[in-house]
Amino acid sequence: QVQLVESGGGLVQAGGSLRLSCAASGLPFRSTVMGWFRQAPGKEREFVALVSWSGGVTYYEDSVKGRFTISKDNAKNTVYLEMNSLKPEDTAVYYCAAGQSMGQVSGGAPSSWGRGTQVTVSS
C-alpha cells in the first residue's frame, strides 16, 4: 500500500521560508517521479513542482520559479520542497504526489496522493 505523508507546513510571514517533506513508502521510490501540488481555498488543485526519478531533472510552475526548490533523497525515500520568499498567494494545502512519468505527474494525474499539509503566509 502506497503511503505519502507530508509534514513541515505552518504559518509564516510574507518573505519567510518553509521546508516541506514527504515520506514515501510502499512504492519503488528510486524509480518514481515525485511532485508537489497545492490547492488554495475556492480554487482548483494546481501543479507546483516535480522531480525525476533520479533527482536530476526538475520542473516548476512559473509563479514559484526561483523561489521554490524540489529535491529527492532516494536513500531516505523522501522528497522535499524548499520554499523561500513566500507570498500570501502561496497560501494553500500542499500535496505530495507520485507517478511513473513526468508527463503523468505534471498533467495532474499522478498514481498516488498524500493527504496534504497546510501552508499559510500572512501579509
Lysines within cross-link reach of Lys43: Cα-Cα under 26 Å, excluding same-chain residues under 8 positions apart? Lys65, Lys87
Give the cross-link partners of Lys72 among the aspartates and glutamates, using a straight C-alpha distance below 17 Å as the criterion and excluding same-chain residues fewer than 8 apart. Glu6, Glu82
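Note down the relative contact order for the chain as a percent, whole number, built from C-alpha pairs under 8 angstrom at least six residues apart.
Numbers: 314 pairs, mean separation 42.8, N = 123.
Relative contact order of the chain: 35 percent.
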Segment 18-112: spread of alpha-carbon positions along the three principal axes, whole Å, largest first, is 35, 24, 20
Taking the alpha-carbon centroid of each part, what is the distance from segment 66-123 to segment 1-58 in angstrom? 2
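Readers should treat all values here as calculations from the given coordinates under stated rules, not as data from a laboratory. Since the model is a prediction, treat every value here as computed from it, not as a measurement.
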